[in-house]
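K.L.:
This structure is in structure tokens; I'll ask about it shortly.
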Amino acid sequence: MNFVRPAAALLTLSLAVVALAAHAQTSAPATPTVTPAPNCEKPGNPPSAGTSEIGKSAGEAKRAKWSADNKAYFECLKKFVEQEQAASATHAKAANAAVEEYNRAIKVFNDSLSAEAK
């Protein structure tokens, strides 16, 4: 006859219960959301340089506007990045807390199995 040791049977039963409980508590993964793109207006290509005196003056004004538009564009992008990083920091903190809770629960479970095996 083939007898299963009580500790091994208890371990197998415990692992099956934990696996079923974990499976029952696991919800479907959240559907990924589309990250919004920055809503910043690109300034386009730099204006060409004029060759005449009148063209140079108009060209300098166009380049000054293009430069100011670029600075506004860069600030808009930086603000977007800061907002996205702040949002992701809260998600990372929540995920790390869940990992720590998982690790604590596994340790308690393993310790209880070790105590029962002795």
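The values are calculated or read from the model by the stated rules, or taken from the named source; none is laboratory data. Everything numeric in this text was worked out from a predicted model, so none of it was measured. Glycine also receives a Cβ, built like all others from the backbone with ideal geometry; neighbour counts cover every protein chain displayed.
K.L.:
Taking the options 109, 74, name whichever one is out of contact with any Gly (no Cβ under 8 Å at 6 or more places or on another chain) and over 30 Å from residue 33 (Cα atoms).
P.N.:
Only one candidate passes the filter, namely 109.
Results for (1) polar (S, T, N, Q); (2) out of contact with any His (no Cβ under 9 Å at 6 or more places or on another chain); (3) at pLDDT 95 or above; (4) surrounded by 11 or more Cβ atoms within 10 Å (Cβ to Cβ), shown as yes or no for each residue.
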| site | (1), (2), (3), (4) |
| --- | --- |
| 56 | no, yes, no, yes |
| 70 | yes, yes, yes, yes |
| 73 | no, yes, yes, yes |
| 79 | no, yes, yes, yes |
| 85 | yes, yes, no, no |
| 91 | no, yes, no, no |
| 100 | no, yes, yes, no |
| 105 | no, yes, yes, yes |
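K.L.:
Here's a check for you: in segment 67-118, which residue that is assigned to a helix (DSSP H, G or I) and of a type in the set (Lys, Arg) is nearest to the chain's Cα centre (by Cα)?
P.N.:
Among those that are assigned to a helix (DSSP H, G or I) and of a type in the set (Lys, Arg), it is 93.
K.L.:
Turning to a different aspect of this structure: Here are the criteria: (1) under 30 Å from residue 91 (Cα atoms); (2) in a loop (DSSP other than H, G, I, E, B); (3) at pLDDT below 90. Tell me which single one residue 24 does not satisfy.
P.N.:
Evaluating residue 24 over (1) under 30 Å from residue 91 (Cα atoms); (2) in a loop (DSSP other than H, G, I, E, B); (3) at pLDDT below 90 leaves (2) as the failure.
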